[in-house]
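Here, each number is a calculation from the coordinates, and none is a lab measurement. Since we're looking at a predicted model, the values are computed, not measured. No Cβ is skipped: glycine too gets one built from the backbone with ideal geometry, and neighbour counts run over all protein chains shown.
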There are 2 protein chains.
Amino acid sequence: MRELNVNLGERSYPIYIGQGIMEQIGELFAKHGISKGSPMLIVTDSHVEQHHLPNVIRRLEAAGYKITSYTVPFGEQSKSLRVLEDIIAVALQAGLDRKSTVVALGGGVVGDLAGFVAASYMRGVKFIQIPTTILAHDSSVGGKVAVNHPLAKNIIGAFHQPELVLYDTSTLQTLPDRDVRAGLSEMIKHGLIWDANFVAWLEENAEKLVHLDAEALEYGLYEGCRVKTIVVSQDEKEHGLRAILNLGHTIGHALEATAGYNELLHGEAISIGMVGSAKVAVRLGYSEHIYTVTKRILQAFGLPTSLPQHLDTDEIMSAMMHDKKFDEGNIVFIVPTEIGKVEINKNVSAALVREVVEQLKLEV
Amino acid sequence: MRELNVNLGERSYPIYIGQGIMEQIGELFAKHGISKGSPMLIVTDSHVEQHHLPNVIRRLEAAGYKITSYTVPFGEQSKSLRVLEDIIAVALQAGLDRKSTVVALGGGVVGDLAGFVAASYMRGVKFIQIPTTILAHDSSVGGKVAVNHPLAKNIIGAFHQPELVLYDTSTLQTLPDRDVRAGLSEMIKHGLIWDANFVAWLEENAEKLVHLDAEALEYGLYEGCRVKTIVVSQDEKEHGLRAILNLGHTIGHALEATAGYNELLHGEAISIGMVGSAKVAVRLGYSEHIYTVTKRILQAFGLPTSLPQHLDTDEIMSAMMHDKKFDEGNIVFIVPTEIGKVEINKNVSAALVREVVEQLKLEV
C-alpha cells in the first residue's frame, strides 16, 4: 500500500493506493474520524453497484457504520440537478445530519455528483472518495466537484475536499478495455505537464498498464496522483497554477460537447486535445519533438490522436467559446514548452486553435 | 452612513448602512475591486424589480459595468433548483466568467438564491448583497446561502461570503406593513440573544421602527447587523456559537413548514417560536421574567405570540424532527437564560417541546 498526503492546511487528507485495501475500509474510516453515530450515504452507479457495493456495505456494517446507498444510472447524464435532488431526498429520508459522511463509490461521474451532494447538503458534510476507475485518479484528487447544466459541463459545483481517498487497484480489474485506455490518458497528461521521467516510464510500461499489471498500475496511479497533489496543494481554488491540469482539455471539452458525451470518452477527447496542444506549441515555435513524443505515447496506449471527420469545426469552436476556460474574454490555453513542462498562455488566438482543429481531422 | 466590518480573515467584508447610499453604488463597487471587464448579473424578484432595478442598472451602467438582470417570481417558491438552473442559463448566455459578480437585489429569498448561484456557478464567483427588506439584515450577513428541497428548507446550500453588503434604508419605505413588523422580529431576536440594552432600546422605539423612522431604522439595523457580525466572525461555519442565532427557529421553521410558506411569514413564525423558547426556559427553571419581557416586546411590535389553533401538533413535531437543527439524534434548542443571553441546550426533550407547542395554542 502506498500513501500520499494532499497538503491543504486544515483541509489536508491522505490518499491510499494499493491492491485489496478495501478489506481495511472500516479501520481506515475510523482512523480518520468518520462518525459511526450518524447515518452514512454511499452513492454509486449501476455498473459499479453489482461488482463492489455489497462488499463495501458488508464491511462497513461489520465495522459499526449505518449505511444507506443510492445507485444512479451509469453515465454522464446522472451529473444533473435532477439526480442531485433525488439523492438529497434519500439523504433526508435516511436522516443524514451534519456529522454524516457521503461516500462516492465509482468513477468520475459518481465522484463529482456525490461530491457536490456532500458540498451542498446542509451546506457541507464530510466526503470520501473510493474511485473504481483509472480516470478517477484524476478527478478524485483535488476537491473539484460539480454537476452539469444542459448548456455546459461542470458549471454548477464547489471546491470540497474529501476526508480521504481509498484507491483499491483490484476494483480496476472489471473495467472494459476502452475505459482503461481512456483513463490512462489522464495519467499521461500528468506526465506531460510535470515530469519527463514519468513520461519515459509510461512509454516503457504502456503494455503492462493497458493489461492492468498490478505493480505497474500501483506505481502509475501513485505518480499520477502525486503530480496532481503537488499542483493542487499549491493552488487549491484554481487561481493560477492549477490551470496546467487542463492540458488538452480546452479542445477536449469542446469535442465531448460536440460529439455528444458517448461517442468520445473524456480520456479519448483529451488525448486528441493533447495532440492539438502539441500542434499549437509547434506553431508557437516550440520543438517539433513535443508533437512527436506526445503523439507516439498516446498511440502506444491505443488512444485516438485524430479528430473524427464528421464533427463540425464551427460547432467545436462555438463549444470552446462557451467553455469556462476563458478569462475576461481571452482564451487560456495550456501549451507544452517541452516534454514534462507547460505554460499557461493567455494569448493563443481562436484563429490559430481553429486551424489546429482543422488539421486534427487530417492526422494519420 | 454607518459602516460595519465582518472579520473573517481573507473573507472579511464591509456592510454599509444608510439612507440614499445606493447613489454611490458605482464608487462602492469599484472601491471593493469589482471587475468592470466581466459581465455582472443582478438577480431580483418581481416585487423589487419595479421599485429599484432600473435605478440600480442605470447607476451601474453609468459607472462602466456590463449588466444583465434576471427577475424571479416573488416568494419562497423561487428558492428551488429549477430556478437556480434557469439563472445559470442566463449567466452562461450573458457570458459570466470567473471574475464576474452576482448581485442579489431583494430580500432573503433573493439573497439566498442568488448567493447559491454565486457559490456554485463555476464553483464560486463574487457575490454582493443589496438587501431591500428589514428581514434581510439577518440573512444578508453571514454567508449562509441555500435553496429549498421539496422535503426541507435551506437544505441545499453553501457558506459563501459576499464582497460587500449595501443597505440603503430608503429602499425599505415601499415595504408592506406586515413585512416591516416580521422583519423587525429578527432584529428583536438579535437583542434577545446578545444585548439587554438593545432590547430595552427596541421596546422604547417600537413605534418609530414600525413606522420606518429613518434614524431609528439606521440604528436598529446597525445594531442588529452588529450582533450578527460578532457571532458570525467567531463561528463562520456554524460549528458552535452560531447556533444561538436560531433562537425561536426550531419551532419557527416547523410552523412555517406546517402552515405552508404563506400563512406565516418567517418573522411571524419565529416570533411565536421565541415565545415558545421563553416558555421552555421557564419550564427549565429560568426566570418567568424572560417570558414576560419576550412576549411584551413582540406584542409591542404587533407580532403574533400564539400559535394558530388549526395547526396540527403532530405535523409540527414531525416537521421539527426533519429540521436540520438535530445533532446525532438529539434536539438542539436555544434557550434564553436571561434577557440578552441564551444557551445552546442539547438536552431539551421532544416531549417538553410538544407540551410547549400545545400551550402556544392557548396563549392570549
Fraction of antiparallel bridges per DSSP, the range B:2-174 only, in percent to nearest 5: 30
Kindly state, as a whole number, the per residue volume in cubic angstrom of the convex hull around the alpha carbon atoms of the range A:2-174. 102
Sort shortest first the distances from A:Glu343 to its counterpart in every other copy, using label points 7 Å along the Cα-to-beta-carbon line, and give them in nm. 6.6
Go through the range B:1-43 and name the GluC sites (Glu not before Pro) that are in a DSSP coil and have 11 or fewer other Cβ atoms within 10 Å of their Cβ. none
To the nearest µm²/s, what D does Stokes-Einstein give for the range B:177-360 at 20 °C and 1.002 mPa s, using the Kirkwood radius over alpha carbon pairs as Rh? 131
Run the label-point distances for B:Leu8 please: 7 Å along Cα to Cβ, every other copy, nanometres, shortest first. 1.8
Taking 24 Å as the cut-off for C-alpha to C-alpha distance, list the pairs among A:Lys189/B:Lys99; A:Lys346/B:Lys144; A:Lys237/B:Lys36; A:Lys153/A:Lys228; A:Lys153/B:Lys126 that go past it. A:Lys189/B:Lys99; A:Lys346/B:Lys144
Measure off 7 Å from each Cα along the Cα-to-Cβ vector at B:Leu362 and B:Ala196, then give the distance between these two points in nanometres to one decimal. 3.1
Chain A: which residue's Cβ hugs the A-to-B rotation axis most tightly, distance rounded to whole Å? A:Leu81, 2
Euclidean distance of C-alpha centroids, the range B:40-59 and the range A:1-78, integer Å: 46
The FRET efficiency for A:Ser287 and B:His32, from their Cβ-Cβ distance with R0 = 41 Å and rounded to 0.05, is 0.35
Under the 7 Å Cα-to-Cβ spin-label approximation, B:Ser233 and B:Asp312 lie apart by a distance in nanometres of 4.7
Relative contact order of the range B:177-360, defined on C-alpha pairs under 8 angstrom at six or more residues apart (%): 28
Express the C-alpha Rg of the range B:174-221 as a ratio against the empirical globular expectation 2.2 N^0.38 Å, rounded to two decimals. 1.06
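Divide by every residue of chain B the summed helix terms, -39500 (n - 2.57) for each DSSP H run of at least 4, and state the resulting mean residue ellipticity at 222 nm, rounded to the nearest 500 deg cm²/dmol. Walk me through the numbers before you get to the answer.
Numbers: 14 runs with 170 residues, N = 364.
So the calculated ellipticity at 222 nm is -14500 deg cm²/dmol.
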Antiparallel versus total DSSP beta bridges in the protein assembly as shown: what percent is that, nearest 5? 45
Proxy reagent accessibility, fewest Cβ within 10 Å first, across A:Val210, A:Val165, B:Val145: A:Val210, A:Val165, B:Val145
Run through the other copies and list how far each one's label point is from that of B:Pro176, in nm with one decimal, shortest first; the point sits 7 Å from Cα along Cα-Cβ. 5.7
Report P(r) for the range B:41-87: all Cα-Cα distances, bin width 10 Å, range 0 to the bin holding the largest distance, values in whole percent. 26, 48, 24, 3
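Which percent, nearest 5, of DSSP beta bridges in chain B are antiparallel? Working shown, then result.
Working: 17 of 39 bridges.
Of all bridge pairs located within chain B, approximately 45 percent are antiparallel.
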Just grab the label-to-label distance for B:Ser46 and B:Val210, each label 7 Å out from Cα along the Cβ direction, in nm (one decimal). 3.1
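How many percent of all Cα-Cα pairs in chain A sit more than 29 Å apart?
On the way: 24923 of 66066 pairs.
The share of Cα pairs beyond 29 Å in chain A comes to 38 percent.
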Semi-axes of the protein assembly as shown from the Cα gyration tensor (sqrt of 5 times each eigenvalue, largest first, whole Å) come to 50, 31, 19
